[in-house]
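No value in this document is a laboratory result; all are computed from the given coordinates. Keep in mind it's a predicted model, so treat the numbers as computed, not measured. Ideal geometry is used to build each Cβ from the backbone, glycine not excepted, and the neighbour counts take in all protein chains shown.
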Amino acid sequence: MSDQKKRNPEDGGGSVDPEAASDESLQEVHASLMRKREEKSEGFPIMPIMIVFFFSALMLVGGIYMANFGGRFDPMVFDETKGPLAAPDEEDPEELDVVALGSRVYQQNCQACHQADGQGVPGAFPPLVETEWVTGSEERLVRVVLHGLQGPIEVRGEEYSGVMAPFGHLSDQNVAAVLTYIRQEWGNDASEVSEETVAEIRREVGSRGAWTAEELEPYTD
Ligand code: HEC
């Protein structure tokens, strides 16, 4: 009671109805309970909203990434080493510009060592221009690229003894295209390499380590 009087000093103290006062105090208690509950529940929706924002942002960024780098899954742009996606069926491989595809595969996989002009780096990476390895036997060339090459080899009268990594992870189409490209670029003038030839040799040889020049001797013609 004395509590209530303290809270309503304007009433002059005497006019306080004890019942009203107790109602008021009940209401106040309830109000404070409600307030507490509201405060609690206020904290909850924030998290789900943040999660929704987070995933929206993620999808936005992912969408922008796909738009910029997806290349509409064009086989000219598409890189099968990046994921289990297939090239679109409606593209007839015969219609594809093999030289353009080969050039792209070359830039991405070979150029770092054999250089843009195909001349390699003296003493380290052999040239691809005017060499029997490139313009000669397809059988040997496909094997070099599918499985790699190591140990001493001779290219244009110079000896190299390095290691070339295998490129078996490239598709038959990409291997055929890059080999056709190097056989016909920089003044080279040899026949193109077909996808079927690459597929056949891949099947025939299976998986194995890098070849040596000696092991490739039977495939030189
Ligand atoms: C990391 C460097 C590197 C990359 C990348 C590379 N090569 Fe080579 N390549 C070499 C080396 C080193 C040799 C010599 C290997 C040896 O001494 O036995 C070689 C040898 C060759 C040869 C036989 C020799 C010659 O010069 O004609 C061919 C053909 C060839 N590479 C083609 C390719 C093609 C095609 C690609 C891309 C698909 C490629 N290389 C990517 C380093 C590389």
message: Quick check: from the Cα gyration tensor, does segment 91-219 come out rounded (a/c under 1.5), prolate or oblate?
response: oblate
- request: For a footprinting-style exposure proxy, rank ARG35, ARG143, ARG208 by other Cβ within 10 Å, fewest first.
  value: ARG35, ARG208, ARG143
- request: Only loop residues by DSSP count here, and only those with at most 16 other Cβ atoms within 10 Å; note down the chymotrypsin sites (Phe, Trp or Tyr not before Pro) in segment 119-170 that meet that.
  value: none
- prompt: With a 10 Å Cβ neighbour count serving as the proxy for reagent exposure, in which order, fewest first, do ARG104, ARG156, ARG140, ARG72 appear?
  reply: ARG72, ARG156, ARG104, ARG140
message: Order these by the 10 Å Cβ neighbour count, fewest first: ASP74, ASP172.
response: ASP74, ASP172
query: Taking the Cα centre of each part, how many Å lie between segment 155-221 and segment 95-114?
result: 14 Å
